């Protein structure tokens, strides 16, 4: 799973974490949130460092950032987002998700890789 996919799945899992999912699905959601957070956090730290460096080193007095440096940082961020990760996700069986869980199609769009029919 690529890093950008991990970020998307983590967003979807955040939606599901607030729902009553039953023991099996709830456990899988919690485990996946923990595992994906471990993968995403270093990226977030690196991205924040890049942004801070841009603002500190390459911004003019009006706060406008040098376009060349901004493009370099954006390219670096895109490279990081496209990196393959080795995260081991816990699959969620569709049958383990209660019918009344009130999950939206957005959840299934973001977390489709985790769902087993």
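Values in this text are rule-based calculations from the coordinates and carry no lab data. Quantities reported herein were computed from a predicted structural model and do not represent experimental measurements. Using ideal geometry, Cβ is built from the backbone for each residue, glycine included, and neighbour counts are taken over all protein chains shown.
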Exercise. For the stretch 82-117, how many residues meet the condition of being closer than 18 Å to residue 3 by Cβ and either in a loop (DSSP other than H, G, I, E, B) or in contact with a strand residue (DSSP E or B) (Cβ under 7 Å, 6 or more places away or on another chain) (or both)?
Worked result: 9
Problem set entry | Verdict on residue 26 being loosely packed, with under 15 Cβ neighbours inside 10 Å and either free of Cβ contacts under 8 Å to residues at least 60 places away in the same chain or closer than 20 Å to residue 117 by Cβ (or both) | no
Seminar exercise, completed: Residue count, the stretch 65-81, condition assigned to a helix (DSSP H, G or I) and either surrounded by 15 or more Cβ atoms within 10 Å (Cβ to Cβ) or touching a helix residue (DSSP H, G or I) at 6+ places or on another chain (Cβ under 7 Å) (or both), comes to 7
